[in-house]
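See below for the structure under consideration.
The values are calculated or read from the model by the stated rules, or taken from the named source; none is laboratory data. Computed from a predicted structure; not experimentally measured. In this analysis, Cβ positions are derived from the backbone assuming ideal geometry, glycine residues included, and neighbour counts consider all displayed protein chains.
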Amino acid sequence: MPPKSGFSRARNVDYDDDDVYDDEDYYDEGGQNAEAEDAMTADDKEQMRIGTIRVREALGNMSDSTSDQKIQEALWHYYYDVSKSVSYLKNKLGTEVKKEKTKPISRFDQAASVADQNAPTTTGMSTHVHVSHVKEPARPAAHRLPLRSISIPTNAAATDFFWDVPWGNVPFNRRGIITVDAPHYKGALLGGSSKLAALAAKRRKEREDAEAAAPKVDSDADSAIAMLDKLSVRTKENNNPSRQSRYLVRRRSPSPVLEAPKEPETEEPEVPQPAVVIESPAQRASASLFASTLCGTDAAAKQPPLQLPDLSMPLAAHQSYNTMDAFSGPSPDDIKRKSKLANGDLAESVEKLAVADEPRTKSKNLNVVDVFEKSGMKRMANFVVLGHVDHGKSTLMGRLLYDLKVIDQRSIDKLRKEAELIGKSSFALAWVMDETSEERSRGVTVDIATNYIETEKSRFTILDAPGHKDFIPNMISGASQADFPVLVIDASTNSFESGLKGQTKEHILIARSMGMQHIIVAVNKMDTVAWSKARFDDIVKRMTTFLTEASFLEKRITFIPLAGLTGENVAKKIENSAGHWYSGETLLEALERIELPQRNVRKALRLSVADVFKGDMRCPLSISGRIDAGTLQVGDVVLALPANETATIKSIEVQDAPVDWAVAGQIPTLHLTDIDPVHLRQGDIVCAPKEPVKLVKAFTSKLLAFEPVLPMPVEVFRSTLNSPGSIRTLSARLNKFTGEVVKKKPRIVKPGEVARVVVQLERELPIEEGMRVVLRERGRTVGAGLMENVA
Ligand SMILES: Nc1nc2c(ncn2[C@@H]2O[C@H](COP(=O)(O)OP(=O)(O)OP(=O)(O)O)[C@@H](O)[C@H]2O)c(=O)[nH]1
């Protein structure tokens, strides 16, 4: 059966523990194929049928050796993209033939064999007994016995080797000089493989190199802190370089705290040193007489391991040996310890080990609203790039970054070469945003990618959303941080139409229901329709009807004909004469002009957590997300909900630069202390402890229906935080524009209608009046609305 279920697609994706995929639609826990196949929509089945035929045609001769199952698995994997499936299958079939001929030696095996050659001959816990034969009387070379080297376990005695030899009559072939090597560990794991040995050797070398390169720690206190840092949690990002940002693109799982948080030098006095301080005099005491007696002096202790064959007793040379009263007095250790206790030094050191209770980061107690209003900072805006899959969102953003010189020519050339290597040269610009190998090999955006651009007047945060329907929860997360959307539409024949039936429509409705009022519609790939004005006008007409139905005001909609791939009307006006009929704004000009929603800087703090990164001991947790209301500053104590735990803001970054404060509308990264990382997750709310958001289990909502709505089970999303729940009651159908009750207790609400409904949750969520919620059912968005009050 080709498509096993949504699970087979989702499980390869690094979702960073994003629990939105707990949705039954994404995981087929039982793994029942039959059920999964049933889960395919009629549309899916039809696409699969047609796709299979097309792939067979394209495979030609190879088609005979490929089963329907393989073809359909490829189609499922590439979301019915015939050309990607064909090139994958061709590659696979080619490789399978090659594989049968030779099995290349993996790099790992090569490294292992090198390590084996370099490794000492002793193994694990065994001792080598080398038997070098004494010169035997002349005999023909052929009768001479070879030198023997026999390995016996350390716990076996050398006599075991001679147990059968008559006393005083050792045959020549058993005579020799026996030397016993000191037992030492080779570094291999017991019973371990050479590969592990190679890996261990490599790691050891890296560690030694790193230690040599690391700045020398001055005191034991520093080394203790370094040790604590080593104990800290490793982040996923650290283990997965493929997800690290190469340009300025930020992903949902970067780990900014891995790099030392950038703090302005002037702030240093404000941030006290960590409370763990170990006094430097607490150093290792010199060896006691007893230790010296056994192991020699300090200098001797630094020597290489004890050589067993050298059986001369070190104590024999010791001055005090002959006196026989070596242990009569207290050892130097005891003397030192006693004097320390007397001075109270040790007690003091132990006290200093205690972790301070008070917050470590002092607040500057700024009046942030005042500072913000006087700062004269550039306009800050966040936009989300929406649209149906493959309509060119990432390419368009890659082009914008390139034209604004955020990305240089060399990087683009490099991406182009890499893309050409896997036959996807047209995706080079999209790869500026789509960074993971998953996204690149599939040619599909999976997660939100963040980047920044700056113009004369504004600083923008770009949130590039995935277009595929399977990744709608990620799209919701991006949309919940944005001020307005840039909707990308593929103008080429049939693409616009299929997008309208698909995610173009769903994305628009979600964006509108999240309160976005202005929209830029980028009519993309105009080069594919020869810059046809008629096509552009047709798209404008049909989209205007749809957008106004979704309650966008016509005057707040901006259409721009453009081509992301070639850059016309993106940052520069079109030069091609075919497009001279358009004299309006470029995308960049429209971004500069668009009106932004009012910032609620004077209200209580509300920040929706979009990302959580684990850090180190000093700063265990960092989060990022949009401030929906209020302000915050370094040193503030904030409340995390629903965990109901407080944290202290140690430092703040906005657009990757360290700052002292942030205000509503910005998407800062907060480095937090005094909180256990388990208490914060994506979708949580961070608020002012004195004015917390209440946790609710039922609420009334004004809902815009995308699908027929009845009392039914739904998944309730507030940003990415979600809970299973249900639409408990349909209270009334409302007039879309005035909000007046049209009908009480309707039995059904049709798509496009607005209703007041009561939503019941299975677990409490932090939701309050004015917050936006999205209701989904079996992977479809059924409606979105505004929370009115607690039910
Ligand atoms: N001819 C032409 N092709 C374009 C244009 N813009 C994008 N494309 C192509 O469209 C394909 C998809 O582009 P992407 O940028 O990956 O599309 P996307 O909307 O980001 O895709 P998802 O994020 O996966 O939904 C690529 O092959 C691009 O080269 C354009 O202006 N003209």
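Things worth noting here:
- Residue check for Lys736: without any contact (Cβ under 8 Å) to a residue 24 or more places away in the chain, over 31 Å from the mean Cα position of the chain (by Cα) and surrounded by fewer than 21 Cβ atoms within 10 Å (Cβ to Cβ): no
- Taking first residues from region 576-600 that are charged (D, E, K, R) and partners that are in a loop (DSSP other than H, G, I, E, B), the Cβ contacts under 8 Å between residues at least 6 apart in sequence or on separate chains come to Glu592/Thr455; Glu592/Glu456; Glu592/Lys457; Arg593/Glu585; Glu595/His518; Arg599/Ala664; Arg599/Gly665.
- Note on region 440-468: residues that are near the ligand (Cβ under 10 Å from one of its atoms) and polar (S, T, N, Q) amount to 1.
- Checking Val446 against (1) at pLDDT below 85; (2) among the hydrophobic types (A, V, I, L, M, F, W, C); (3) in a helix (DSSP H, G or I), the condition it does not meet: (3)
- Top-ranked residue in region 362-380 [being closer than 21 Å to Glu456 by Cα and buried (at least 19 other Cβ atoms within 10 Å of the Cβ); ranked as farthest from the ligand (Cβ to nearest atom)]: Phe372
- Helices (runs of 4 or more DSSP H) completely within region 469-588 that count 3 or more residues being among the hydrophobic types (A, V, I, L, M, F, W, C) and either surrounded by fewer than 22 Cβ atoms within 10 Å (Cβ to Cβ) or within 16 Å of the ligand (Cβ to nearest atom) (or both): 472-479, 503-513, 533-549
- Of the listed requirements (1) more than 12 Å from the ligand (Cβ to nearest atom); (2) under 24 Å from the mean Cα position of the chain (by Cα), Gly398 misses just one: (1).
- Taken together, the criteria place Gly725 among residues that are surrounded by 14 or more Cβ atoms within 10 Å (Cβ to Cβ), free of Cβ contacts under 8 Å to residues at least 60 places away in the same chain and within 18 Å of Ile476 (Cβ to Cβ).
- Of the residues making up region 691-714, those that are out of contact with any Ser or Thr (no Cβ under 6 Å at 6 or more places or on another chain), in contact (Cβ under 8 Å) with a residue 24 or more places away in the chain, in a loop (DSSP other than H, G, I, E, B) and not acidic (Asp, Glu) are Pro692, Val693, Lys694, Pro708, Leu710, Met712.
- Qualifying residue in region 623-635 (condition: under 30 Å from the mean Cα position of the chain (by Cα) and acidic (Asp, Glu)): yes
- The condition of being in a strand (DSSP E or B) and over 23 Å from Ala550 (Cβ atoms) does not hold for Ser731.
- Scope region 676-705; condition out of contact with any Lys or Arg (no Cβ under 8 Å at 6 or more places or on another chain) and farther than 23 Å from Ile623 by Cβ; matching residues: Phe699
- Across region 432-468, the number of residues qualifying as charged (D, E, K, R) and buried (at least 20 other Cβ atoms within 10 Å of the Cβ) comes to 6.
- Out of Leu429, Leu386, one residue alone is within 16 Å of the ligand (Cβ to nearest atom), within 20 Å of Arg593 (Cβ to Cβ), in contact (Cβ under 8 Å) with a residue 60 or more places away in the chain and surrounded by 22 or more Cβ atoms within 10 Å (Cβ to Cβ). It is Leu386.
- Positions within region 556-584 being more than 16 Å from Leu396 (Cα to Cα) and not β-branched (Val, Ile, Thr), in sequence order: Arg556, Glu575, Asn576, Ser577, Ala578, Gly579, His580, Trp581, Tyr582, Ser583, Gly584
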